[in-house]
Amino acid sequence: MNGTAHAAIGAATGFAVANTLQTTPTTTLILVSLGTISGLVPDLDIDGKLRGRITLSHTVTRTIAQIIGTMMILYSLYEGTLEEKFRGIGIGALMIVISSLIKQRHMLTITGAGVLLGGMSLQEMWMILFGVYIIIASIVSHRSYTHSIIGTAFFTYIALKLEHSLSIDGVFLTCTISYISHLVADMKVLPFNKRGIKLFLPVSSKEI
């Protein structure tokens, strides 16, 4: 199933939860938004559009890093002792070399690290855990651990922490149901899916 359908199901889930709890218009909007996002989250393991929308272009990041590296080399040529010059030039050159190897698929890992550090700075456990989730999603193959029971349990815990942080009823329910709806919609048992999901990883890699 494509991303638009997953997002629509997630949004509908958020609206249904809001309607059941008879929330205010503002809370309804929040739940619909969270449902939409949660319905797409399992597909962070795809090296494609969804990753690109939450990360900077690798070209932009590469250019910034190369500019910083070049400036460090130029600065080191005119300042400091001989040892400091060599150290600065070496670090600058290393930055240029490493940045030239950056690909779009690396950007999600960098984004996850940023979310993780942001969560540590703000002391928000849900953000720390979501940063870890994003890093893991950037490493694993598509429709593997993010589409498994383990991935679901991890995201469910994130949703629980998010509800506690926001103090809004329905956040946990919306995020959890929307996430699970994605997995159900991707199952092989549905006639329009050629591939299934490896729900029971790492115990079994069989697609269902």
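The values are calculated or read from the model by the stated rules, or taken from the named source; none is laboratory data. Note that the structure is predicted; figures quoted are calculated from it, not measured. No Cβ is skipped: glycine too gets one built from the backbone with ideal geometry, and neighbour counts run over all protein chains shown.
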- prompt: Applying the selection to the range 20-35, what residues are under 22 Å from the mean Cα position of the chain (by Cα), buried (at least 18 other Cβ atoms within 10 Å of the Cβ) and free of Cβ contacts under 8 Å to residues at least 60 places away in the same chain?
  reply: 32
task: Quick one: which residue in 152, 109 is in contact with a Pro (Cβ under 9 Å, 6 or more places away or on another chain) and free of Cβ contacts under 8 Å to residues at least 40 places away in the same chain?
output: 152
- line: Residues of the range 106-126 being under 24 Å from residue 69 (Cα atoms) and surrounded by 15 or more Cβ atoms within 10 Å (Cβ to Cβ), in sequence order, are 106, 107, 108, 109, 110, 111, 112, 113
task: Exactly one condition in (1) under 28 Å from residue 23 (Cβ atoms); (2) in contact with a Leu (Cβ under 7 Å, 6 or more places away or on another chain) is not met by residue 144; state its number.
output: (1)
field: Of all residues in the range 73-91 being on the phi < 0 side of the Ramachandran plot and at pLDDT below 75, the one that is surrounded by the most Cβ atoms within 10 Å (Cβ to Cβ)
entry: 75
message: I need the helices (runs of 4 or more DSSP H) fully contained in the range 1-72, keeping only those with at least 2 residues that are modelled with pLDDT under 80.
response: 49-54
field: Yes/no for residue 144 being at pLDDT 95 or above, touching a Lys or Arg at 6+ places or on another chain (Cβ under 9 Å) and surrounded by 16 or more Cβ atoms within 10 Å (Cβ to Cβ)
entry: no
